[in-house]
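Before any comments, here is the structure.
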Amino acid sequence: MMNYDYAIVGAGITGLTLARRLKSQHQTVLVLEKSRGAGGRLATRRWSDDGIFFDHGCEGLDTKSSEVEAWVKEMNLESLLKHEGDDFKILDHSSNSFCSGGISQIGRRLSEGLELQKQVKVHSIQRIDSMFRLQSDEGDVHLAQKVVFTCPLPQIKQIILNEDSDNIMSKLWDPVWDQVTYEPSHSVMSRVSSLEAFSGNLTKKLGEGFVAVNVSQKFRLKQPCVIVHSPTSWSSENLEEDPEQVYIRVKTLLIQHGLSPVGSYQVHRWRYALAGKVVRGGRGFAELCSGDLFFAGEAFAGTGVSAALRSANKLSDHLLFDTNGYGES
Ligand SMILES: Cc1cc2nc3c(=O)[nH]c(=O)nc-3n(C[C@H](O)[C@H](O)[C@H](O)COP(=O)(O)OP(=O)(O)OC[C@H]3O[C@@H](n4cnc5c(N)ncnc54)[C@H](O)[C@@H]3O)c2cc1C
């Protein structure tokens, strides 16, 4: 069985960026991802019957942020991104760019040439001599010298504290990480009878913090369809709600605003959409097991895509160049 230099858990932008940088410096890297696709919260859902697609997670990238701009150039992503400036604004931000083929293209592009195993949900971790043994829900085993977890902290905790994990692991959990919070969100995708209510705008506020995005205009689709994002407060209160009830709430708002849903719909719940309370004053990542085990991702460096990239930047600099320039964690 192959013993990799690195196993990276999670193929979001943190994990994929790190993997590309490590691979470019001749490290052997295995990326393990529980979903069917790469990109994590940069996610696109397709309705295969008629070519409709929705970005049901993050809708666009703030390409005016220095981290994002530099990363887009480094990873050669310019050709995928369409700047809103000439056309319209995404979610009323002033500097966002989106992918005209769906934001999941970023994950697909970043994973090119990487050793990525999808639909592998890491279940437990054990330390054996100087190696780590990762076991998936399906029972397959992967070995690596170093491991980087890039999933949201509650998901990392589940793996670290799993009863099948090494006892040593549970002692590594710092209670500070229990204070990190993530804001939930629901995304409701639906066809509608007409898009006139948008009056040419890309977004429409539906009240109570719900926002509809004109997906047809964003992607130049023939069929009228929208995606509605819920506010954090509502999703926190309705986190365990039946998807049908979530749809009924959104449907009422859509009808009130002249956007009558027709036909099928889909509901996606994000339990961990965006970091809320984050790890303050750290190095952008956590280092454990004498520098063999790492936790990284947005919550170690702020919130959102820029923070995820900041975390990936700091950890890759540390691993590859050992800059030691970020102070103590
Ligand atoms: C609805 C929504 C709207 C957003 N809007 C914005 C915005 O406007 N601006 C902004 O900057 N950011 C926004 N974000 C947040 C942004 O998408 C994230 O901050 C960023 O994508 C985080 O990247 P990441 O790689 O750190 O984590 P993730 O993308 O979460 O990647 C972690 C990966 O780990 C995988 N994983 C989890 N557990 C396991 C396991 N046990 N085994 C294997 N794999 C596992 C997950 O499937 C996932 O692919 C939004 C997010 C959502 C959901």
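A short reminder: the numbers here are calculations on the coordinates, not readings from a lab. All figures in this text were calculated on a predicted structure; none of them were measured in a lab. Quick reminder, even Gly has a Cβ in these numbers, built from the backbone with ideal geometry, and neighbours come from all protein chains shown.
When the listed pairs Lys23/Lys118; Lys23/Lys64; Lys73/Lys314; Lys64/Lys218; Lys64/Lys314 are checked against a 22 Å cut-off, the alpha-carbon distance exceeds it for Lys23/Lys64. Partner lysines whose Cα lies under 17 Å from the Cα of Lys251, excluding those fewer than 8 positions away in the same chain, are identified as Lys204, Lys205. With K and R counted +1 and D and E -1, the other residues having a Cβ less than 11 Å from that of Ser35 yield a net charge of +4. When the Gaussian network model of the chain links Cα atoms closer than 10 Å, the mean-square fluctuations of Val31, Val279, Val72 top out at Val72.
Given a Förster radius of 41 Å and the C-beta distance between Glu74 and Leu221 as r, what FRET efficiency does 1/(1 + (r/R0)^6) yield to the nearest 0.05? That gives a FRET efficiency of 0.85. Placing +1 on each Lys and Arg Cβ and -1 on each Asp and Glu Cβ, with no other charges, gives the range 182-275 a dipole about its Cα centre of roughly 520 debye. In the elastic network of the chain, a GNM with C-alpha springs shorter than 10 Å, the most mobile of Thr232, Thr17, Thr150 is Thr232.
Could you line up Phe210, Phe294, Phe149, Phe321 from fewest to most neighbouring Cβ atoms inside 10 Å?
Numbers: Phe210 20, Phe294 23, Phe149 28, Phe321 10.
Lowest to highest Cβ neighbour count: Phe321, Phe210, Phe294, Phe149.
Label point of Gln245 set 7 angstrom out along Cα-Cβ; within the range 185-203, amide nitrogens under 19 Å from it belong to 185-189.
Given the -39500 (n - 2.57) contribution per DSSP H run of 4+ residues, what per-residue ellipticity at 222 nm results for the chain, rounded to the nearest 500 deg cm²/dmol?
Details: 9 runs with 86 residues, N = 329.
Computed mean residue ellipticity for the chain: -7500 deg cm²/dmol.
Scanning the chain for trypsin sites (Lys or Arg not before Pro) that sit in a DSSP loop and have at most 12 other Cβ atoms within 10 Å, the longest stretch containing none of them is 37-219. Work out the FRET efficiency for Glu138 and Ile168 from their Cβ-Cβ distance, taking R0 = 25 Å, and round it to the nearest 0.05. Step by step, r from the Cβ atoms, then E = 0.55. Between the residues His56, Gly263, Ile248, the greatest Cα displacement towards the positive end of the dipole of the chain, with unit charges on the Cβ of Lys, Arg, Asp and Glu, is found for Gly263.
Counting neighbouring Cβ atoms within 10 Å and putting the fewest first, the residues Met2, Met189, Met131 line up as Met2, Met131, Met189.
Counting DSSP beta bridges with both partners in the chain, what percentage is antiparallel, nearest 5? Walk me through the intermediate numbers first.
Working: 45 of 61 bridges.
Roughly 75 percent of the beta bridges in the chain run antiparallel, per DSSP.
Overall, the ratio between the Cα radius of gyration of the range 155-226 and 2.2 N^0.38 Å, rounded to two decimals, is 1.92.
When the dipole is taken about the Cα centre of the chain, and only Lys, Arg (+1) and Asp, Glu (-1) are charged at their Cβ, what size is it in debye, to the nearest 20?
Values: 36 positive and 40 negative charges, 125 e Å.
Result for the chain is approximately 600 debye, rounded to the nearest 20.
Listed by chain and number, the aspartates and glutamates placed with their C-alpha closer than 15 angstrom to that of Lys277 are Asp178, Glu183, Glu298; residues fewer than eight positions away on the same chain are left out.
Averaging the Cα positions of each part gives two centres, and for the range 262-298 and the range 94-132 these lie 13 Å apart.
Do you know the relative contact order of the range 86-205, to the nearest whole percent, from alpha carbon pairs under 8 angstrom that are 6+ apart?
Reported relative contact order: 22 percent.
Could you list His318, His56 so that the one with the fewest beta carbons within 10 Å of its beta carbon is first and the one with the most is last?
Numbers: His318 20, His56 25.
Exposure proxy ranking, most exposed first: His318, His56.
Counting alpha carbon pairs within less than 8 Å and at least 6 residues apart, what relative contact order, in whole percent, applies to the range 182-275? Dividing the mean separation by the residue count of the range 182-275 yields 48 percent.
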